[in-house]
Amino acid sequence: MMTNLFSMFDPSTNILNLSLNWTSSMLGIIMLPYMYWLIPNRFSFLWNKILTTLHNEFKTLLGVTGHPGSTFIFISIFSFIMFNNFMGLFPYIFTSSSHMAMTLALALPLWLSFMLFGWINHTNHMFAHLVPQGTPSILMPFMVCIETISNFIRPGTLAVRLAANMIAGHLLLTLLGSTGPSMSLLLINFLLLVQIALLTLESAVAIIQSYVFAVLSTLYSSEVN
């Protein structure tokens, strides 16, 4: 039962053993021409408003020490993850953001680049982060161990949080949907209402998880400056 349940996340469409499911992550390129019309439409106005708000917020999180233009990296990550989360809500479209192969490929290079930049350019600042201010002398060795471990698990927590939230919602929708054929007409109507409510919740989760990923990446970046 469990194997069959999780098999819906497996890449299954292929030609000559090349998986075509991952191409769903590139479908966002179709939306790009909307941005280049001479007269913007309502979608362009809304999307520009979202990006401007995110730019201002990320610039505040990075502070005065942040490098100009670095917010666009995190805005791009937010856009990419949110698009893939939404694509997974459509029937018969592969949910790429539910796979650790994708989420870890986003989180690990980001974290590694922050660590390399911080330890090479701001070594003393990075050492100071290992011992929080006001820590008693007897607890300093333990705090160094705890802070080091928490630093190493950051890319894992970023990747697992995104993948687990995407998997959980899809599994719940699938489990409830699979009980439909054995239900009465009254219960099916109730099931449809529950499914619509869950789909609305998953739409909110798709935005929230991409926002959380981008904000945490921004905070990790601000710590190394």
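Values in this text are rule-based calculations from the coordinates and carry no lab data. Since this is a predicted model, take the numbers as computed values, not measurements. Using ideal geometry, Cβ is built from the backbone for each residue, glycine included, and neighbour counts are taken over all protein chains shown.
Take the residues of segment 126-152 that are aliphatic (A, V, I, L, M) and closer than 19 Å to residue 115 by Cβ: which is surrounded by the fewest Cβ atoms within 10 Å (Cβ to Cβ)?
149
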Practice item. Could you tell me whether residue 153 is out of contact with any Lys or Arg (no Cβ under 8 Å at 6 or more places or on another chain), closer than 27 Å to residue 213 by Cβ and among the β-branched types (Val, Ile, Thr)? Key: yes
Check your understanding: Could you list, in sequence order, the residues of segment 177-225 that are of a type in the set (A, V, I, L, M), closer than 30 Å to residue 115 by Cβ and touching a residue at least 24 places away in the same chain (Cβ under 8 Å)?
Key -> 205, 206, 207, 212, 214, 215, 216, 219, 224
